[in-house]
């Protein structure tokens, strides 16, 4: 068995991605397309609670410029370290939901900006965030899309 941190993070992220994809499909199966992002957020929060995830919604993250705080960003979800069945999450993960036709570079950039900013959080645990996921509930009746983004 490999024991390098990179492998463990990659394996953890892949396993978590599969679980999140199943949850997104569940939400999309029951709601379908066409709703506002906030509706999908509420349904996704329900699924996270049902499965026993420790999470927070819309946590304020300070955005800095040259060490000066400029304002706040608010990722949709931060999954905190927890164990859910056989899945053990050791570091916080950001989950950002969208309800657009297709994810684009701006959506990816938003999540990357959160990953950079969270490193300055006053919450020491949040500073250890290892990555995040974009989950899209498309308006054109396709399957939910999920994109992992690791902190680089």
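The values are calculated or read from the model by the stated rules, or taken from the named source; none is laboratory data. The shown structure was predicted, so the numbers you read here are calculated from the model rather than taken from an experiment. Note that each Cβ is placed from the backbone with ideal geometry, even for glycine, and that neighbours are counted across all protein chains shown.
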Single condition residue 45 does not satisfy, out of (1) in contact with a strand residue (DSSP E or B) (Cβ under 7 Å, 6 or more places away or on another chain); (2) closer than 17 Å to residue 148 by Cβ; (3) part of a helix (DSSP H, G or I):
(2)
Hey, residue 124 hits all of (1) farther than 21 Å from residue 28 by Cβ; (2) surrounded by 13 or more Cβ atoms within 10 Å (Cβ to Cβ) but one; which does it fall short on?
(2)
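Would you check which residues across the stretch 95-147 are assigned to a helix (DSSP H, G or I) and in contact with a helix residue (DSSP H, G or I) (Cβ under 6 Å, 6 or more places away or on another chain) and list them?
Just the residues of the stretch 95-147 that are assigned to a helix (DSSP H, G or I), to begin with: 105-120, 126-128.
Across the stretch 95-147, the qualifying residues are 118, 119, 126, 127.
Is it the case that residue 53 is farther than 20 Å from residue 111 by Cβ, part of a loop (DSSP other than H, G, I, E, B) and either in contact with a strand residue (DSSP E or B) (Cβ under 8 Å, 6 or more places away or on another chain) or at pLDDT 90 or above (or both)? Break it down stepwise before answering.
On the way: farther than 20 Å from residue 111 by Cβ: no; part of a loop (DSSP other than H, G, I, E, B): yes; either in contact with a strand residue (DSSP E or B) (Cβ under 8 Å, 6 or more places away or on another chain) or at pLDDT 90 or above (or both): yes.
Criteria not met by residue 53.
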When every residue in the stretch 25-38 that is out of contact with any helix residue (DSSP H, G or I) (no Cβ under 7 Å at 6 or more places or on another chain) and surrounded by 13 or more Cβ atoms within 10 Å (Cβ to Cβ) is compared, the one modelled with the lowest pLDDT is 33
